[in-house]
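A.B. asks: Could you have a look at this structure, given as structure tokens, before my questions?
The values are calculated or read from the model by the stated rules, or taken from the named source; none is laboratory data. Since the model is a prediction, treat every value here as computed from it, not as a measurement. Reconstructed Cβ throughout: ideal geometry from the backbone, glycine too, with neighbour counts over all protein chains shown. All accessible areas refer to the heavy atoms of the entire protein, side chains included, with ligands and DNA or RNA removed. Shrake-Rupley method; radii C 1.70, N 1.55, O 1.52, S 1.80 Å.
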Amino acid sequence: MLTFVNMVTAVTGGTVQLNTKISKDDTTPIVMVIPGLTSDSTSPYLKHLAFNIAKHGWNVVVGNHRGLGGTSITSDCFYNAGWTEDARVIINYLRQEYPEAPLYVVGTSIGANVLVKYLGEDGENVPIAGAVAICSPWDLLIGDRFINRKLRQKVYDRALTIGLQGYAQLHQPQYSRLADWEGIKKSRSIRDFDNYATCIVGKFETVDTYYRRCSSASYVSKVSVPLLCVSALDDPVCTREAIPWDECRANKNIVLATTQHGGHLAFFEGITAKNLWWVRATVEFLSVLHSSPHVHHPKKILETGHHSLPDSSIDQGPFVNVGGDGLVAAVGSEHTTNNSEEDTHNLQNQNASLSEHASEPKTAIIPETAQHSNQPESGVSNLSPASSSPVKRRLNELISRHSNLSIWLLAYIAITTSWPVVGSIIKMFYGRKIRNAPMSAGINR
């Protein structure tokens, strides 16, 4: 499903349905967002991103993963960490429908992995002007080893697994028929879920095979559009060990910004934590890129269709997910072309300050040439509970229930990590009162 801010579109069965008033010759930039694992257009951080982009007069599209955002699965195909075909279909459609509007793409978490993999697969032929990848896991095999290393990571692993089980519960008829339903219910980790669900549905031989084939780190060298990558070195989910430092440094199209702190999709600003720094950095980067001569100009628009890797013996099933100790096997991509260096060398220099001072928030730059499009009258009507079908309302209730459980798990993490400090303060306060009590009693007598 594909959701506009104040507009709604849907992708079902390879076709796209659109309900919008944007004219085909509109030149207002469009930003497409690829959400993270089990996230959709209703997630608070995506709403925050969409709001800040829309404030600049740009149009925003959120491409919900299959089966999320209140939609049902209509085929035997499910998304995964390396499934790029849905993003490709949506991007090509937007490019064809609005050829005059510059198109940018932002990916978060798993969505960032999907984005970078897509950029590497299609090389210079991608019909977008620039992209931003936030908190990408980069190497899924290294990430799998990392998330099982310590208790803190295991708690996050469990919380994410509950979210995946909630997603599977929404589509039990398909999973019961295609995968190991009993194994899905007993899963205690992401790896368990991938073993009993993702690998079976996606026709991957093993979990490690799935992780190797779907990791975006192998595709970094093929990225041919301006790309900002933001990662926090203290990310509790996506480890710094997986960041392809040398590959990003060798590709002059990529600006890699790493901060000491920020967590996973956090980067909160201020005492009230009402703003996210990465959102401001994203808007600033896209604004500067849009007003610069270094925007990528696509050479052609690819026909939408199945995109497969050469010599792939695994991804040939009827319902295909396209696709050691921390070592990731490289995957060839012969159809891509060499990176363009002339148009992107100056871009990296202009944005070097963003990489060097990533932890210092800046004021977003708003291009004067940004144009406002006509806003539709109806708004996002099909996301309203009152106008949704009973099936969609039930799906939303289930999603909310599992989201609340994940929130309680995260609250438990916050309490357990902060209790030593709080306990020390309480002990110091009451210890002082006890010491002063006899003295006060003697004075009273």
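A.B. asks: If the viscosity is 1.002 mPa s and the temperature 20 °C, what translational diffusion coefficient in µm²/s does Stokes-Einstein give for region 141-214 when Rh comes from Kirkwood over Cα pairs? It would help to have the intermediate numbers written out before the result.
C.D. replies: Numbers: Rh = 12.5 Å.
After rounding, the answer is 172 µm²/s.
A.B. asks: With only alpha-carbon atoms counted, please give the Rg and Dmax of region 18-150, in Å.
C.D. replies: Values for region 18-150 (Cα only, Rg and Dmax): 15.3, 53 Å.
A.B. asks: With a Förster radius of 60 Å, plug the Cβ-Cβ distance of Glu241 and Gln172 into 1/(1 + (r/R0)^6) and report the FRET value to the nearest 0.05.
C.D. replies: On the way: r = 36 Å, r/R0 = 0.60.
So the FRET efficiency works out to roughly 0.95.
A.B. asks: Then there's this: Just to make sure I understand: if all protein chains stay in place, what is the order of Arg149, Arg191 by accessible area at 1.4 Å, largest first?
C.D. replies: Values: Arg149 115, Arg191 75 Å².
Ranked from most to least accessible, the order is Arg149, Arg191.
A.B. asks: Are any of the pairs Lys185/Lys274; Lys47/Lys150; Lys154/Lys222; Lys117/Lys203 more than 28 Å apart by Cα-Cα distance, and if so, which? Could the numbers behind the result be given before it?
C.D. replies: On the way: Lys185/Lys274 36 Å; Lys47/Lys150 32 Å; Lys154/Lys222 33 Å; Lys117/Lys203 19 Å.
Table pairs above 28 Å Cα-Cα are Lys185/Lys274; Lys47/Lys150; Lys154/Lys222.
A.B. asks: Amide H of Tyr104 versus every other amide H placed in the peptide plane: which residues, excluding those fewer than 5 positions away on the same chain, fall under 5 Å?
C.D. replies: The answer is Ile30, Val31, Met32, Ala129.
A.B. asks: By how many nm would the segment from Phe51 to His297 grow when fully extended, if each residue of separation counts as 0.36 nm and the alpha-carbon distance is taken off? Please report the intermediate quantities before stating the final value.
C.D. replies: Numbers: separation 246, 0.36 × 246 = 88.56 nm, distance 2.66 nm.
Stretched fully, the Phe51-His297 segment lengthens by 85.9 nm.
A.B. asks: So if we plug the beta-carbon distance of Arg152 and Glu182 into 1/(1 + (r/R0)^6) with R0 = 35 Å, what FRET efficiency do we get, rounded to 0.05?
C.D. replies: On the way: r = 29 Å, r/R0 = 0.84.
So, using R0 = 35 Å, E works out to roughly 0.75.
A.B. asks: Follow-up question, since we're still on this one. For the pair His261/Gln96, report the inter-label distance in nm, with labels modelled 7 Å from Cα in the Cβ direction.
C.D. replies: 4.9 nm
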